[in-house]
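Presented below is the structure to which this report refers.
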Amino acid sequence: MARAYSSQYKSTLASVSAEEAPLILLEISHADLTDPVRVVNDSQDLTSNGKLYIACPFRLVPPDDFEDQLPKAKLSVDNVGRDLMYWIESSNGGQNSTVKFMQAMRSRPDLVEWEITMNLYNVKVNQQTVSAELGFENLFSKPAISTQYRPDNSSGLF
């Protein structure tokens, strides 16, 4: 599907030395969180569409696009503060969390150029970093129907 990017965004991506770089906005949602965690990969806070994104450097490997496999991404954040560790431990490693990535320009923060929402899994923690994998649930590996008639559960049919 073709994306309709703004002309400013396209020229920034094509420029060798652009005046500004696109910013990555990150939003983590979980049932235990009253409000999603919102951070921007920058040194200054940013307000986009009425929501405040706190400045927090993180490393993101964007989703890949290979044939015959589901897209995967990687996220890594410096392990600073107890709040993040408390949430990881209490949510059983961030289980059932979703992560929404958006990209916008600082000069036009309300115009989100692209976004993607992925599931958070495989959270790993060490003394320096908290890292996680992002992806989608493989719906093609699930059965299409809830009840299957097999010899072990329907012996009268066989």
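Throughout, read-outs are computed from the coordinates displayed, never taken from laboratory work. Since we're looking at a predicted model, the values are computed, not measured. So basically every Cβ, Gly included, is an ideal-geometry build from the backbone, and we count neighbours across all protein chains shown.
Observations
- When THR147 is tested against (1) surrounded by fewer than 15 Cβ atoms within 10 Å (Cβ to Cβ); (2) closer than 13 Å to ALA73 by Cα, only condition (2) is not met.
- Residue that is part of a strand (DSSP E or B) and within 28 Å of GLU137 (Cβ to Cβ), where the choices are LEU70, LEU33, LEU52, LEU26: LEU26
Here's the yes/no breakdown for (1) among the hydroxyl-bearing types (Ser, Thr, Tyr); (2) more than 25 Å from GLN8 (Cβ to Cβ); (3) part of a strand (DSSP E or B):
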| position | (1), (2), (3) |
| --- | --- |
| LEU60 | no, no, yes |
| ASN122 | no, yes, yes |
| GLN127 | no, yes, no |
| GLN148 | no, yes, no |
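- Residue count for region 3-15 under the criterion of being more than 16 Å from SER48 (Cβ to Cβ) and either surrounded by fewer than 17 Cβ atoms within 10 Å (Cβ to Cβ) or charged (D, E, K, R) (or both): the result is 9.
- Extreme residue, farthest from MET118 (Cα to Cα), among residues of region 16-56 that are loosely packed, with under 11 Cβ neighbours inside 10 Å and polar (S, T, N, Q): SER17
- Summed over region 113-128, residues that are under 20 Å from SER29 (Cα atoms) and either exposed (fewer than 15 other Cβ atoms within 10 Å of the Cβ) or under 15 Å from the mean Cα position of the chain (by Cα) (or both) total 11.
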